[in-house]
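Throughout, read-outs are computed from the coordinates displayed, never taken from laboratory work. Just so it is clear, the structure is predicted and the values come from calculations on it, not from any experiment. As a convention, Cβ positions derive from the backbone with ideal geometry for all residues, glycine included, and neighbour counts pool all protein chains shown.
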Amino acid sequence: MMEAFLVRDGVLHCAGHSLERLAQEFGSPLYVYNGLAIKDRFQGLKRAVSPVDAEVFFAVKANSTLAVLQLLAGQGAGMEVVSGGELYRAREAGVPDERIVFDGVGKTAAEIRYALEGEIRFFAVESVGELNRLNQLALEAGRRARVSLRINPDIDPQTHRYISTGKRENKFGFDFGGIRAAYDHADELDHLEVVGLHMHIGSQILSNQPHAQALAKIRPLVEELKERFANFRYLDIGGGLGIRYRPEDQPLIPERFAEAILPELAGLDLQVMLEPGRYLVGDCGVLVTRVEYVKQGGAKRFVVCDAAMNDLMRPMMYQAYHEIVPVRATGGERTPVDVVGAICETGDFFAEDRPLEAVEPGTFLAVMCAGAYAFTMASNYNTRPRGAEVLVDERGARLVRRRETWADLIALERPYCEEQDERQGF
Ligand SMILES: *Cc1c(COP(=O)(O)O)cnc(C)c1O
């Protein structure tokens, strides 16, 4: 597997470009993505699952920047979207509807109507209420909507409880007890066409076993559905493939993952789909941040950065670990520090008690594995403009999203009371 970031002459580089130079040119905080590594991840996974002719879709919520979607679509990736906004992005990126699936537990009528303007591959439906709504809206649109139902296979994906989605107590999908009745119901609705089954059991799964276990468990159901519905042809096994956040994590190897799942799929003669997000982009991106201050507190030493929790929510949201390295190695002794942002929240940190080489204000740090669920979760809390994004590939380093300005941040707002402002001579 291609390394997305390499140290050369003591400086961290992305596809031949110094992150220090990129931060000087484009400013910080700066997200930098290695497009070559993204292609490598996609092609590696695609190759590994090729014995069953599986298609790889990309979960847009992991990184929805248009240039990233275009890069992946250019490699042949489909797109898995979970909102009207993501569908809009995928369509704007030029992805054909046939390579888009619409998942999610709370699709609104407006979102469904927008999807029905085209011919997406299918809606992954999660409730009877949604089946009814989709049927009604398809009728109004004079269409039939293709559907797969999402099964909740009640498998423990051995991951953080906030990113487990395939256990009985999670809000997602139909459980075994209810899914046959839901398929019966779908069958009775004239404007729906049953085309498949969908599952997604969780995220950041490093073991090869949970997907295989889930497939073994649902296989009898899949065979039954295939017999029953003439147009049943898709088995979407979701995403959730993990990446190496900690040096000691055992990375998921696509070939091993394929070895675990392929026997469960053999002989089914269905179009298999995967929809990973994190795996395709997570370790292909970093967040580059400038050190503003180094501060000795009463009990701890703090490295205060120009990026903050609004730029990368994961440490605060999931107690996530992200490796942090000086962009230019100093070679000094490592001492424990808290790497924090400027936001007025105690939870605003990237790392606590982390051994780090001594760094000076004005130098840059790279927060690793910020290609997935980083920019897409960024906010403007504390009225902080979101950072710029740069994509690096064989054609060079290009700005794919400019930095927000303060003016951007108030652009949608209206004054409190215009008449009053006028009266007071404003
Ligand atoms: C989030 C999500 C994915 C992708 O998850 P990753 O852990 O990033 O691979 C795939 N499918 C569905 C339905 C999702 O909600």
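For the chain, the share of DSSP beta bridges that are antiparallel, to the nearest 5, is 50%. Ellipticity at 222 nm from helices only: DSSP H runs of n ≥ 4 in the chain, each -39500 (n - 2.57), divided by the residue count, give -8500 deg cm²/dmol.
Relative to the Cα centre, the charge distribution of the chain, modelled as +1 at Lys and Arg Cβ and -1 at Asp and Glu Cβ, gives a dipole magnitude of about 480 debye. Annotation: extensible slack from T383 through A230 equals 49.7 nm (criterion: 0.36 nm per residue apart, minus Cα-Cα distance). Using the structure shown, list the pairs from K39/K61; K171/K226; K61/K171; K39/K107; K46/K226 with a Cα-Cα distance above 20 Å, or answer none. Those over the limit are K171/K226; K39/K107; K46/K226. Given region 197-350, what whole percent of its Cα pairs are spread farther than 22 Å? The share of Cα pairs beyond 22 Å in region 197-350 comes to 56 percent.
Between P415, P247, P96, the residue with the greatest mean-square fluctuation in the GNM of the chain (Cα pairs under 10 Å linked by springs) is P415. Candidate cross-link partners of K167 among the lysines, defined by an alpha-carbon separation under 16 Å and a same-chain spacing of 8 or more, comprise K217. Taking only alpha carbon atoms, the chain gives an Rg to Rh ratio of 1.01, where Rh is the Kirkwood radius.
Scanning residues 5 or more positions from G78 or on other chains, those with amide H under 5 Å from its amide H are V56, F57, F58, with H placed 1.01 Å from N in the peptide plane. Partners of K300 within straight-line reach, counting aspartates and glutamates whose Cα lies under 14 Å from its Cα and excluding those fewer than 8 residues away in the same chain: D338, E352, D353. Spin-label model, A358 to C417: label points 7 Å out along the Cα-to-beta-carbon direction sit 5.8 nm apart. What is the distance in Å between the Cα centroid of region 1-31 and that of region 269-306? Their Cα centres are 14 Å away from one another. Close amide H contacts of F174 (hydrogens built in the peptide plane, cut-off under 5 Å, sequence separation of 5 or more or a different chain): R150, I151, N152. Net charge in the neighbourhood of E394 (other residues with Cβ under 15 Å of its Cβ; Lys, Arg +1, Asp, Glu -1) is +1. Residues whose amide H comes within less than 5 Å of that of E323, counting only those at least five positions distant or on another chain, are M368 (H built at 1.01 Å from N in the peptide plane).
With the charge dipole of region 124-266 set up from +1 on Lys and Arg Cβ and -1 on Asp and Glu Cβ about the Cα centre, the Cα lying farthest toward the positive end among the listed residues A181, F229, L137 is that of L137.
In sequence order, region 400-415 has phi-based couplings of 10, 8, 6, 5, 6, 9, 4, 4, 4, 6, 10, 4, 8, 8, 10, x Hz under the Karplus curve 6.51 cos²θ - 1.76 cosθ + 1.60, θ = phi - 60°, and Gly or Pro positions carry x.
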